[in-house]
Amino acid sequence: MNSHKLEYTRQEMMAIATGRELRDGELAIFGVGLSMLAGYFAQEHHAPNIRAMTEGGVYGAIPVGGLPWGIECNRISANATSFTNGVDALGFLVASGRCDVGIIGAAQVDKFGNVNTTGIWDGEIGEHYRAPKTRLTGAGGANDIACGAGRVLIMVAHEPKRFAEKVTYISSPGYLDGGNTRECYGFVGGGPSAIITTLGILRPNPDTKEFQLDAYYPFSNIEEIQSNTGWELKVCPRVHVVPEPTVDELKALRKVDETGALRKQ
Amino acid sequence: MPQPKLISLAAAVDRFTQNGVQYASGAALPIGSDAIVLGRELLRQGRNQLHAIFHCNSQQLNLLAGAGAVDKAECGFSGLEVFGFANGLRRAVETGATQLEDYSNLAMAIRLFGGAMNWPFVPATVNIGSDIQYRSAFSPEEYPATSKIPMITDPFSGRQLGAFQSLQPEVAAIHVSMADPLGNAIMLGTEWSRFELSRAAKKVILVADEIVHTDCMRQFPNLVRIPDIVVDAVVYWPFAAWPQSSPGLYDVDEDHMRSMNKALATEETTQQYLKDYVFSYQSHRDYLGMIGNETREKITQTETSFLMDPYRKWILSADEIAKLVLEGER
């Protein structure tokens, strides 16, 4: 990003790149935090008919007053058209196979798109389960979305510690050991279609399911991304630059992100 | 004829809980509805060695675990969403004081659904293939664990599915926006798993922000998702979910969410928190004073307050409720 003057933050670029993956009319579920901003940005900008829900079963809502504190915060309960429950949203509409797309976050992700949000251990866990050195948030609904949504978008800050050859603990499955290992479990959903980061976009190789660099941003480059990835990141032959956010996109995102959660550096 | 079930918070904890009880709270949301004040009362009455069943962590589980009162916990999500990691629960898990068995949010909900149906287990294709299935905090020696979420075969198609053990908590405290004195309840906002929990638990205590006349329930019977026949006690306690939110009534208290979580990060500051915010009040009036007039004014200016409009004319006064509590405790 040396000489490039940023008029948007890396987090905003990540949210916009994620939002661009969503298509109008899709049934979509958004996790808490940045995922929600990316999702509602898409609704505001190019997917007005997206059928958005949260895992708590909040339907028809558009957040008011900025980033909701949670999936059930009053900021998302102020204009909903339906409130139901977890069995309905995560079960009837996601585990059933009806949901087209989900957005989840990650503390750590590996080259097959497996996500760890459970804990950080010193070394391997070993045969005997032991408590993590640092306990994180657990799987929440992300495991259910990772198993059931048609495709999954993973949003994560691009730092070496977050990109591991193999995650210590799989909280939410990607392609497990790669190849066809995911298929052995009979999940309803297809698995992660992209890992969208603060530096670029990774997509799975169709055969090996290993994530490789598909695109970088106007302010990042291939070497920078590779050096921030904890495995030997392969580069797609068709690697390209992601178009910068347009004025309209930034306007729409900042309308949703009223409190500037994505503008904090 | 159904009887009024209004009792005091202290009486509810005294009657329905004991050390080591398998205790569930609803909605067990990290920001929204949860019967948090009942957790404070558990600590006030010295309850410990709890087996906590929380759909998700809330400030209640964070507090109970941080205070050292939870031996075992099962939950789907163990953070505080945008407020970050749950320091009290985290400290208890990292030191080994609390064994935390991980599931996903759907898994917890269907386990309660199974309990409500009195089924031994519920099949699903979530959690399988991940370490949620292969690692068990309750049976740490098993790897890969086969007793936590065993695989079963669909007898019709031959497909492999995970079997999730049903939950029937010994007692559940369920926060609701409003209840009538008999125990009929209306929840504003997502139910999360309160519907299932109210049928799965062996004893159900409702903790209500408002008490309304039964005529209100007769006006909106479709919205009464918890009917009196599954309820054992009703506790009236405005701001019961504080510092979390109650849609229609109050927003999350952002400052206290942060300061409480900060306090729970160490043993020493947790003791101070207990002194200031758990053992400090003798009455509901004291409790409101503890929250503070300014804060209450701020959090009740909620964008969701219109959600309460249809019900306001049936809200009972504190005096009317006090009389009913006296009768209920007789």
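The values are calculated or read from the model by the stated rules, or taken from the named source; none is laboratory data. Only a predicted model underlies this, so the values are computations on that prediction, with no experimental measurement involved. Cβ placement follows ideal geometry from the backbone for every residue including glycine, while neighbour counts extend to all protein chains displayed. Accessible surface areas use protein heavy atoms only, side chains included; no ligands, DNA or RNA. Shrake-Rupley method; radii C 1.70, N 1.55, O 1.52, S 1.80 Å.
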³J(HN,Hα) computed for each position of the stretch A:137-145 - Karplus, 6.51 cos²θ - 1.76 cosθ + 1.60, integer Hz, glycine/proline x:
9, x, 7, x, x, 5, 4, 5, 5
Could you tell me how far the Cα centroid of the stretch A:29-56 sits from the Cα centroid of the stretch B:232-298, in Å?
31 Å
Relative contact order for chain B: what percent, with Cα pairs under 8 Å and sequence separation of 6 or more?
21 percent
Centre separation in Å (Cα based) which lies between the stretch A:204-223 and the stretch A:245-265
25 Å
Taking amide H positions as placed 1.01 Å from N in the peptide plane, with prolines and chain starts having none, which residues 5 or more places from A:VAL235, or on another chain, fall under 5 Å of its amide H?
A:LEU213
Within the stretch A:92-206, what percent of beta bridges assigned by DSSP are antiparallel, to the nearest 5?
35 percent
Partner shielding of B:298-304, as the mean number of partner chain Cβ atoms within 10 Å, equals 3
Percent RCO, i.e. relative contact order, over the stretch A:48-192, from Cα pairs under 8 Å lying at least 6 residues apart
25 percent
Using protein heavy atoms only (no ligands, DNA or RNA), what is the total accessible area buried between A and B, 1.4 Å probe, nearest 100 Å²?
4500 Å²
What pairs in A:LYS264/B:LYS72; A:LYS111/A:LYS133; B:LYS262/B:LYS323; B:LYS275/B:LYS298; A:LYS209/A:LYS251 have C-alpha atoms more than 29 Å from each other?
A:LYS264/B:LYS72; B:LYS262/B:LYS323; A:LYS209/A:LYS251
HN-Hα couplings for the stretch B:153-165 via Karplus (6.51, -1.76, 1.60; θ = phi - 60°), in whole Hz with x for Gly/Pro, come out as 9, 4, x, 8, 10, x, 5, 8, 9, x, 9, 9, 5
Note: A:59-67 gets an average of partner chain Cβ contacts (10 Å, Cβ to Cβ) equal to 1
List the residues whose amide H sits under 5 Å from the amide H of A:GLY113, counting only those 5 or more places along or on another chain, with H placed 1.01 Å from N in the peptide plane.
A:TYR175, A:PHE211
With both bridge residues required to lie in the protein assembly as shown, what share of the DSSP beta bridges run antiparallel, to the nearest 5%?
35 percent
Ordered by residue, what ³J(HN,Hα) values in Hz, to whole numbers, does the stretch B:299-306 give under the Karplus form 6.51 cos²θ - 1.76 cosθ + 1.60, where θ = phi - 60° and Gly and Pro are x?
6, 7, 7, 9, 4, 9, 4, 4
Give me the net charge for the shell around B:ALA145: Cβ to Cβ below 12 angstrom, other residues only, Lys and Arg +1, Asp and Glu -1.
-4
Protection proxy ranking, peptides B:78-84, B:299-305, average beta carbon neighbours within 10 Å, highest first:
B:78-84, B:299-305
Give the accessible surface of chain A per residue, rounded to a whole number of Å², with probe radius 1.4 Å and ligands, DNA and RNA excluded.
37 Å²
Taking amide H positions as placed in the peptide plane 1.01 Å from N, state which residues far from A:THR54 in sequence (5 or more) or on other chains have amide H under 5 Å from it.
none
Scoring chain A by relative contact order with C-alpha pairs under 8 Å, at least six apart, yields a percentage of 21 percent
From the convex hull of the Cα coordinates of the protein assembly as shown, what is the mean projected area in square nanometres?
26.4 nm²
Antiparallel bridge percentage (DSSP; both residues within chain B; nearest 5)
30 percent
Of the accessible area of the stretch A:1-125, with the probe set at 1.4 angstrom, what percent is carbon plus sulfur?
50 percent
Determine the calculated [θ] at 222 nm for chain A from helices alone, applying -39500 (n - 2.57) to every DSSP H run no shorter than 4 residues and normalising by the residue count; nearest 500 deg cm²/dmol.
-5000 deg cm²/dmol
Exactly which chymotrypsin sites (Phe, Trp or Tyr not before Pro) in the stretch B:207-311 are in a DSSP loop and have at most 12 other Cβ atoms within 10 Å?
B:PHE279
Other protein chain Cβ atoms within 10 Å, averaged over every residue that makes up B:275-284
0
For the stretch B:149-222 and the stretch A:76-107, distance of Cα centres in Å:
18 Å
Summed side-chain charge close to B:ASP215 - residues other than B:ASP215 whose Cβ falls under 15 Å, Lys, Arg +1, Asp, Glu -1
-1
